[in-house]
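Asker: My structure is below; once you've seen it, I'll send some questions.
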Amino acid sequence: MRIPLLVELCAGTAALSLRLERSKARPPVSRMGAKTGYADAILSRMGLHPGQGADHYLLCEPDPGCRLLLEAYRDRALAQAAAEHIRGWKDEEPRALWERLRKEGPAKCPPVDPREVARWALSEGWGGLVGVAYNGPGCHPSHDGSRTADTMSTRLTALPTLPATITDDARTVDPPQLPDGSWVYIDPPYIGTTGYGHSLGRPEVIALARRWHEAGAHVAVSEAEPIAELVADGWHAHELSRERVGQKRTFSKQQREVLTISRAPRGQLGLL
């Protein structure tokens, strides 16, 4: 049975929403901090399962590039048009293409333009798809551009279509009283790590978690440690570090993954 609502307050590439909507679905772009490898474990602890679906999704994300991608999640025609742009670039030399696309500047959203979706996705996706870590203007892709473009365009066209609302700032959303079975997932910048294009400190995360819980939702928060203030409220903390599926976090100093959750976690449980 579908749940009424899934909210991702720091959506990024919204790996959890994609996985809830369709089993095995994954974002077309890999990003540092994305929950692609933990999505199944997180859903299990929430008492949900991949492919269960939600009647509606609310995705909050301040980064314009990520918002472009999220727009493609809810608009199949946009995703298809972006994939077509990427296929049109596949025969270009990778370094020259990468440099040309990046010279156009930061992603812009709004407006929502399929070429801009394609430009951001391909530029961002060099590292995640073919193992190149982007660390600044001096780095560039040196892999098979045709293979990268084919992979990216295939992933875009394979996306499920989400019935979603998208906004840029989770702090401005005033939740109504929510129907039973609604869930909120928060994946903020972890304490001691670089933020994902915005600043959302621990006090704001705690305030958001409490606000949505008071509105009737179950709430789960990812961090590198249990959130003591919420645990003091009677919430539960569960470690997921050993449950990651796929590539390890090679470039990240943060290797621990803890879910602080407003109700007792479900599924196969380990110990903190």
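The values are calculated or read from the model by the stated rules, or taken from the named source; none is laboratory data. Since the structure is predicted, the reported quantities are computational estimates derived from the model, not experimental observations. Note that each Cβ is placed from the backbone with ideal geometry, even for glycine, and that neighbours are counted across all protein chains shown. Quick note on the areas: whole protein, heavy atoms, side chains included, nothing else; ligands and nucleic acids left out. Shrake-Rupley method; radii C 1.70, N 1.55, O 1.52, S 1.80 Å.
Asker: Please give the length that would be gained between GLU229 and THR165 if that part of the chain were fully extended, namely 0.36 nm times their separation in residues minus their C-alpha to C-alpha distance (nm, one decimal).
Answerer: Length difference between fully extended and current span is 20.1 nm.
Asker: Near the amide H of GLY47, under 5 Å away, which other amide H atoms are found, from residues 5 or more places off or on another chain, if H is placed in the peptide plane?
Answerer: Under 5 Å from the amide H of GLY47: ARG266.
Asker: Still on this structure, please answer the following. Extending each Cα 7 Å along its Cβ direction at ARG115 and ARG242, get the distance between those two points in nm, one decimal.
Answerer: Result for the modelled spin labels: 5.2 nm.
Asker: For segment 69-124, what does the accessible surface come to per residue with a 1.4 Å probe? Please give it in Å².
Answerer: 49 Å²
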